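The values are calculated or read from the model by the stated rules, or taken from the named source; none is laboratory data. Because the structure is a prediction, the values reported are computed rather than measured. Here the Cβ is made from the backbone with ideal geometry for all residues, glycine too, and neighbour counts use every protein chain on show. Surface areas here come from the heavy atoms of the whole protein model, side chains and all, with no ligands, DNA or RNA. Shrake-Rupley method; radii C 1.70, N 1.55, O 1.52, S 1.80 Å.
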Amino acid sequence: MMFITLEEAKLHLRVDGDSDDSDITLKTHAASGSVRRYLKSAADPYFDEAGEVIPDKVPFEVKAATQLMLGYLFNQRDEDSGREFEPGYLPRPVTALLYPLRDPALA
């Protein structure tokens, strides 16, 4: 499940060529999963009955948040040297994009 395509991910990361495709794909799945878990049931409208993403239903904020999270995962592979976020939480810019879309009361 990916909220953005591999091509969108590579464009965001400014990666040419395909030598990093498997790593970028893995991290895009991880970033998308983090975004979905944060949104909880508010993300349900972005999926069909089979659990596949409906690209036209995904808001720009969700795509941008996924790209930002991907950037953190790709560029800070081993650590969070800039202390951008607390363990267990998404980086603040990611949360800022997603917070208005989420209903925290929903489980």
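The portion of the accessible surface of the chain made up by carbon and sulfur, rounded to a whole percent, is 52 (1.4 Å probe; DNA, RNA and ligands excluded).
Mean-square fluctuations from a GNM of the chain, with a 10 angstrom spring cutoff on Cα atoms, peak among ALA64, ALA96, ALA31 at ALA96. Electrostatic bookkeeping for LEU13 treats Lys and Arg as +1 and Asp and Glu as -1; over the other residues with beta carbon under 15 Å from its beta carbon, the sum is -2. Between the listed residues GLY33, ALA96, VAL58, the Cα displaced farthest toward the positive end of the dipole of the chain, a dipole computed from Cβ unit charges relative to the Cα centre, is found at ALA96. Using R0 = 25 Å, the C-beta based FRET efficiency linking ALA30 and ARG92 works out to 0.85.
With the simple spin-label model, which puts each label point 7 Å out from Cα in the Cβ direction, the ASP18 to TYR99 separation comes to 4.1 nm.
Dipole magnitude for the chain: computed about the Cα centre from +1 point charges on Lys and Arg Cβ and -1 point charges on Asp and Glu Cβ, it is near 420 debye. For region 1-56, trypsin sites (Lys or Arg not before Pro) meeting the loop criterion (DSSP other than H, G, I, E, B) and having at most 11 other Cβ atoms within 10 Å: ARG14. Computed with a 1.4 Å probe over protein heavy atoms only, the accessible surface of the chain comes to 64 Å² per residue. Projected over all directions and averaged, the alpha-carbon convex hull of the chain occupies 7.2 nm².
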